[in-house]
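One structure, as structure tokens, below. Some questions next.
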Amino acid sequence: MTTTTPATPAGAATAAAPALSSVVHEVPADQEAFDVLARERGWSDGLPLVPPTAERVARYLTEWGTPPDEVIGVLPPSRAAVTAEKLAVNAVMAGAPAAALPLLRAAVEAVADPGYELHALNATTGSVTTALIVNGAQRHALGIPFGAGCLGGADGRAASIGRALQLVMRNVAGQRVGVTSQSTFGQPGRVSGIVFGEWEERSPWAPLAERRGAPGDAVTAFGTMGTANICEVVATDADVLLEFVGRALAHPGANGYLVQLSFAEVVIALNPVWAALIGKAYPDIDDVRRILWENASIPLSEFPRQHQRQYEDIGWVDARGRVPLTRRPEDVIVMVAGGLGGLHGAALHSWGTTITQTRPVRP
């Protein structure tokens, strides 16, 4: 059978203009045989792939109601255009549902924004991947987890949706380890992505996407080094809890402390139990961000002298003699997710100067 595949040849030179057309390949409809071919061609992420038959891809596009040649975005380093057809092909291969294509389109639009700095993100030695934070009713329709196990392990379609975006990174954007990407370690999120929702119904504040100018169904793309657990079992008031969480964010090895970066961001997911406690004391989310930012800092004296000189030279030391993880309170991104067992928060540290992007999800 024939199918259109979105593969950009490994090591292909950056084009002066985006490549708009797909290449048609003869591929087997048998899953195991297709896996062999996909690995030979460099299309595989190492997990079994669903053969993107012409019939499957056509069904996805029909359900989506989008012309196959509609250009969604142009992604570096390949400078290839992501068309609706290419996105559908990768969604099929990942096992993502056709209903997720509007969300995936918004995600591609987000990472294609120049401010997201996808070229550097794809090529870096760091272990960065794109995390997608989902808001709106689509969480329920698509089965995007936002409660217990939302960062991995909960049932739903999040992993397949995240995998579809990562396959787009590989097969369209051209992210290939050892060729266009020099990621020293990589991470599991470069296979399955990181996709989770905000538990809006349990948040004392407006939803994250709404606060970022996109109410309703929306997605926020954040370039992250991964997830880190924050465990606190003692605090019974908001101030102590915020101080603890803030201090837990700041550690010298975090990319935010690289002097080469002009700024950095960090995402903090508060479980609903913590959020209720903090929201009662601080109904304004900007106060929460400010307190976290003040505590997400390290005394200059705790850094080696060589690092101290660098921070002093660029004016990164505040009046308290501390070095903050991010330059501004606005760079601390707070949202609500996780189980009702409490006791844990989650931190997603940024990779570099990637600017978080939020986009509305259109049908």
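Looking only at the stretch 275-329, which residues are more than 23 Å from VAL240 (Cα to Cα), surrounded by 12 or more Cβ atoms within 10 Å (Cβ to Cβ) and among the hydroxyl-bearing types (Ser, Thr, Tyr)?
Passing the criteria: only TYR311.
Considering only residues that are farther than 14 Å from PHE146 by Cα and part of a loop (DSSP other than H, G, I, E, B), look in the stretch 193-210 and name the one that is modelled with the lowest pLDDT.
GLY193
Kindly establish whether GLU210 is farther than 30 Å from VAL71 by Cβ and not aliphatic (A, V, I, L, M).
Taking the combined requirement at face value, the residue does not satisfy it.
If you don't mind, there's one more thing I want to ask. In the stretch 307-363, how many residues are closer than 24 Å to TRP205 by Cα and of a type in the set (Val, Ile, Thr)?
Result for the stretch 307-363: 9.
Could you tell me which residue of the stretch 354-363 is surrounded by the most Cβ atoms within 10 Å (Cβ to Cβ), considering only residues that are within 14 Å of the chain's Cα centre (by Cα) and assigned to a loop (DSSP other than H, G, I, E, B)?
THR354
Go through the stretch 249-262 and count every residue that is in contact with a helix residue (DSSP H, G or I) (Cβ under 9 Å, 6 or more places away or on another chain) and open to solvent by less than 50 Å² (accessible area, probe 1.4 Å).
6
Next up: What residue, among those in the stretch 178-187 that are more than 12 Å from ALA131 (Cβ to Cβ) and outside any strand (DSSP E or B), is most open to solvent (accessible area, probe 1.4 Å)?
This residue is PHE185.
Right, here's the next one. Assess whether VAL334 counts as being closer than 30 Å to THR124 by Cβ, in contact (Cβ under 8 Å) with a residue 60 or more places away in the chain and either open to solvent by less than 20 Å² (accessible area, probe 1.4 Å) or not in a strand (DSSP E or B) (or both).
When the stated conditions are applied, VAL334 passes them.
For the stretch 191-216, what are the residues that are open to solvent by 30 Å² or more (accessible area, probe 1.4 Å), closer than 26 Å to LEU121 by Cα and in contact with a Lys or Arg (Cβ under 9 Å, 6 or more places away or on another chain)?
VAL191, SER192
List the number of the failed condition for GLN175; all other conditions in (1) open to solvent by less than 10 Å² (accessible area, probe 1.4 Å); (2) closer than 30 Å to GLU85 by Cβ hold.
(1)
Just for helices (runs of 4 or more DSSP H) wholly inside the stretch 37-138: which have at least 1 residues that are out of contact with any Phe, Trp or Tyr (no Cβ under 6 Å at 6 or more places or on another chain), open to solvent by 10 Å² or more (accessible area, probe 1.4 Å) and of a type in the set (Val, Ile, Thr)?
Fully inside the stretch 37-138 and qualifying: 54-64.
Mind checking which residues of the stretch 144-156 are without any contact (Cβ under 8 Å) to a residue 60 or more places away in the chain, crowded, with 20+ Cβ neighbours inside 10 Å and among the aliphatic types (A, V, I, L, M)?
The one that is without any contact (Cβ under 8 Å) to a residue 60 or more places away in the chain, crowded, with 20+ Cβ neighbours inside 10 Å and among the aliphatic types (A, V, I, L, M): ILE144.
Next question, about the same structure. For the condition surrounded by 24 or more Cβ atoms within 10 Å (Cβ to Cβ) and either in contact with a helix residue (DSSP H, G or I) (Cβ under 9 Å, 6 or more places away or on another chain) or not in a helix (DSSP H, G or I) (or both), what is the one hit in ALA164, ALA159, ALA141?
Checking each option against the conditions leaves just ALA164.
Here is a list of conditions, (1) open to solvent by 30 Å² or more (accessible area, probe 1.4 Å); (2) out of contact with any Gly (no Cβ under 8 Å at 6 or more places or on another chain), and GLY342 meets all of them except one; can you say which number that is?
Only one criterion is unmet by GLY342, namely (1).
The values are calculated or read from the model by the stated rules, or taken from the named source; none is laboratory data. On a predicted model such as this, the values are computed, not experimentally measured, just so you know. Counting neighbours? That spans all protein chains shown, and the Cβs are built from the backbone with ideal geometry, glycine included. Areas reflect the complete protein model, heavy atoms only, side chains present, ligands, DNA and RNA absent. Shrake-Rupley method; radii C 1.70, N 1.55, O 1.52, S 1.80 Å.
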